[in-house]
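Following: one structure in structure tokens, then a few remarks.
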Amino acid sequence: MSEKSKFPQVVIIGGGFAGLEVAKQLADKPVEVLMLDKHNYHTFQPLLYQVATGSLECESIAFSLRKNFAGQKNFRFRIAEVSGVDTERNIVKSDIGDIAYDYLVIATGSTTNFLAIKKLSVTLCR
Ligand SMILES: Cc1cc2nc3c(=O)[nH]c(=O)nc-3n(C[C@H](O)[C@H](O)[C@H](O)COP(=O)(O)OP(=O)(O)OC[C@H]3O[C@@H](n4cnc5c(N)ncnc54)[C@H](O)[C@@H]3O)c2cc1C
């Protein structure tokens, strides 16, 4: 995918805390912001414990990324899982195709370390 715009396209991979903050800071800047995330929602991780212990519903700690930026005119969101970046051609590789960028923000978080403890990973919400 390559869309022509008079403004440079900033692609943000990841709608976590980092991605949200970057997109917010670019709200009134002369750029097009395209956020990609494999989920269409942000997860407020500090409250995962409360969901795990049953004191909060899943819905209380996850919110729609599109709705969150509904008022931001230069913002678009696509659900996409990114598999790589071609830095020579300024292309993000994803399961919805190639996406061109002028500036790239990689905000994909970290990888969980389960410390070799088996079955520590549980699915809380479906
Ligand atoms: C249980 C728990 C409790 C915590 N409590 C606190 C606390 O009290 N205070 C505090 O300051 N911090 C806390 N943290 C840490 C904090 O949540 C993280 O530091 C923060 O979420 C990191 O933000 P991030 O934007 O870097 O990554 P994340 O929030 O992990 O966001 C990364 C995003 O990238 C997306 N993504 C990843 N890979 C791809 C891909 N290949 N393609 C497309 N999208 C992708 C993910 O879907 C996700 O939306 C806690 C974390 C956990 C797990």
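Considering only protein heavy atoms and a 1.4 Å probe, what is the carbon-and-sulfur percentage of the accessible area of the chain?
Values: 4600 of 8720 Å².
The computed percentage sits at 53.
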Could you do me a favour and compute the accessible area per residue for the stretch 9-106, 1.4 Å probe, result in Å²? 59
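If you put +1 on each Lys and Arg Cβ and -1 on each Asp and Glu Cβ, how big is the dipole of the stretch 9-106 around its Cα centre, in Debye rounded to 20? Show your work: numbers first, answer last.
Values: 10 positive and 12 negative charges, 51 e Å.
Approximately 240 debye in magnitude.
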Two-decimal Rg to Rh for the chain - Kirkwood Rh, Cα set: 1.02
DSSP beta bridges in the stretch 9-106 [antiparallel fraction, %, rounded to 5]: 45
Between their Cα atoms, which of 24/67; 73/93; 6/67; 24/73; 29/93; 6/29 are more than 23 Å away from each other? 73/93; 6/67; 29/93
How large is the dipole of the stretch 3-56 about the Cα centre if only Lys and Arg carry +1 and Asp and Glu carry -1, each at its Cβ, rounded to the nearest 20 debye? 80
Residue 108 paired with residue 76, simple spin-label distance in nm, labels 7 Å along Cα-to-beta-carbon: 2.2
Going through the stretch 1-67, which chymotrypsin sites (Phe, Trp or Tyr not before Pro) have at most 16 other Cβ atoms within 10 Å and a DSSP loop state? 44
If R0 = 41 Å, then residue 118 and residue 25, at their Cβ-Cβ distance, give a FRET efficiency to the nearest 0.05 of 0.50
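Between rounded, prolate and oblate, where does the stretch 48-92 land on the alpha carbon gyration tensor, with a ≥ b ≥ c its root eigenvalues, rounded for a/c under 1.5, else prolate if a/b exceeds b/c? Write out the running numbers ahead of the final one.
Working: a/c = 4.91, a/b = 1.77, b/c = 2.77.
The shape class here is oblate.
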Within the chain, helix-based [θ] at 222 nm, where runs of 4 or more DSSP H residues each add -39,500 (n - 2.57), nearest 500: -3000 deg cm²/dmol
Pairwise FRET efficiency - residue 48 versus residue 7, Cβ, R0 = 41 Å, nearest 0.05: 0.65
Please check: in the Gaussian network model of the chain (C-alpha springs, under 10 Å), which one of 20, 48, 115 has the largest mean-square fluctuation. 115
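The values are calculated or read from the model by the stated rules, or taken from the named source; none is laboratory data. This is a predicted model, so every value here is computed, not measured. Positions of Cβ are backbone-derived with ideal geometry, glycine not excepted, and every protein chain shown enters the neighbour counts. Side chains included, ligands, DNA and RNA excluded: accessible areas come from the protein's heavy atoms. Shrake-Rupley method; radii C 1.70, N 1.55, O 1.52, S 1.80 Å.
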